[in-house]
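Taken together, the values in this text are just the output of simple stated rules run on the coordinates, not laboratory data. Source: prediction; values computed, not measured. Here the Cβ positions follow ideal geometry from the backbone for every residue, glycine too, while neighbour counts run over all protein chains shown.
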Amino acid sequence: MPTPSAPKEYWDYESLDIQWGKQDGYEVLRKVGRGKYSEVFEGFRVGSDERCVIKILKPVKKKIKREIKILQNLYGGPNIVKLLDIVRDDESKTPSLIFEHVNNTDFKVLYPALSDYDIRYYIFELLKVFV
């Protein structure tokens with residue numbers, strides 16, 4: 001539920017007019033994960049070799065707009081991965097989100113090694129987004 005003081009543009013994702021970039025500006029290197037509504041790949045920006053992460057979304061329009069709006073609202077906040085571009089394949093119209101590449105450890109490897117203190121630290125870092 002939106003806060004009463006937030007302007008409609010902040011929370012109204014259904015009215016979001018997406019400015020699509022060109023998908024051919026990015027190349028996929030390897031698959032790094034998947035979720036219910038997407039597959040995630042490591043890639044790079046063509047011409048600059050700048051590494052990035054490419055999240056190819058399944059076509060669930062309402063969820064796509066909501067995710068983009070949330071990412072735009074959180075842009076520049078602490079512990080938020082930067083959304084660099086929003087692209088779509090010209091033929092299939094499949095949307096993708098382009099993020100900055102961040103070095104990390106696979107959660108499945110990291111989680112079993114975390115102490116109670118580590119978990120509290122990461123939860124604290126996540127909560128900073130809402131301050």
Lone qualifier among Val129, Val32 - being without any contact (Cβ under 8 Å) to a residue 40 or more places away in the chain and out of contact with any Ser or Thr (no Cβ under 8 Å at 6 or more places or on another chain): Val32
task: Given the conditions (1) without any contact (Cβ under 8 Å) to a residue 60 or more places away in the chain; (2) farther than 26 Å from Phe107 by Cα; (3) assigned to a loop (DSSP other than H, G, I, E, B), report the number of the one that Gln19 does not fulfil.
output: (1)
query: Consider Lys108 against the criteria (1) over 27 Å from Val131 (Cα atoms); (2) in contact (Cβ under 8 Å) with a residue 24 or more places away in the chain: it satisfies all of them except one. Which criterion is unmet?
result: (2)
message: With the structure loaded, tell me whether Val131 is touching a Pro at 6+ places or on another chain (Cβ under 9 Å), of a type in the set (Val, Ile, Thr) and over 22 Å from Gly33 (Cβ atoms) or whether it fails that test.
response: yes
